Amino acid sequence: MDIEKDEDEEKEDITNLSQQKPTQDKKKIVAKDLVELKHVEVKKQEMSKETKNLADTLKKVGQMEGVSEELTNDEITILESFVGKRLFLRRIAIVVNQSRIPLGIEPFKKEELELLLDRLIHKDYINFEIVNQERVYFLTDKGKEFLQ
């Protein structure tokens, strides 16, 4: 009986404590009260002539090298669908068209896809092997480097 009485008293004490409102309003300190913000002036850095000349030279060299190597958006989309795998034409079509259809872009037809793949083979980004009388496409080192 004493145990039951003690438990009842504890419950009452807890209930009374939870119902009591604090008599003192304590002002809570917030982090923004402790921090003082200051305005900082930012100056745009000017490019030195030497750096500008180097950038222009690199741009020209890149344009000379990349004239025949520029890839269309469709070719880039196809390259990105590989992700280091070997894919049949059907699988490439599924992966590439999955991103086109929701955007309202016309899906690739088989002939269009083969033409794009042939251009990528010609540019040495992908290659293929014949497996079960079908082409299996895979990335070349150049294609892997482009994706990185």
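If the chain linking Glu50 and Lys38 were pulled fully straight, counting 0.36 nm for each residue of separation and taking away their Cα-Cα distance, it would gain 0.8 nm.
Which net charge results for the neighbourhood of Asp56, defined as the other residues with beta-carbon distances under 12 angstrom from its beta-carbon, given Lys and Arg at +1 and Asp and Glu at -1? Result for the local shell: +3.
Estimated from the Cβ-Cβ distance and a Förster radius of 25 angstrom, the FRET efficiency linking Glu129 and Ser99 is about 0.45.
Provide the net charge surrounding Phe108, with neighbours chosen by a C-beta distance below 11 Å and charges set as Lys +1, Arg +1, Asp -1, Glu -1. Intermediate results must be reported in sequence, preceding the final value.
On the way: positive: Arg100, Lys109, Lys110; negative: Asp74, Glu106, Glu111, Glu112, Glu114.
Around Phe108, the surrounding residues sum to -2.
Around Leu117, under 10 Å between beta carbons, what's the net of Lys plus Arg minus Asp minus Glu among the other residues?
Values: positive: Arg119, Arg135; negative: Glu75, Glu112, Glu114, Asp118.
Summing Lys/Arg as +1 and Asp/Glu as -1 gives -2.
Since every read-out is calculated from the coordinates, none of them should be taken as a lab result. None of these values were measured; they are calculated from a predicted model. Positions of Cβ are generated from backbone atoms using ideal geometry, with glycine treated the same way; all protein chains shown enter the neighbour counts.
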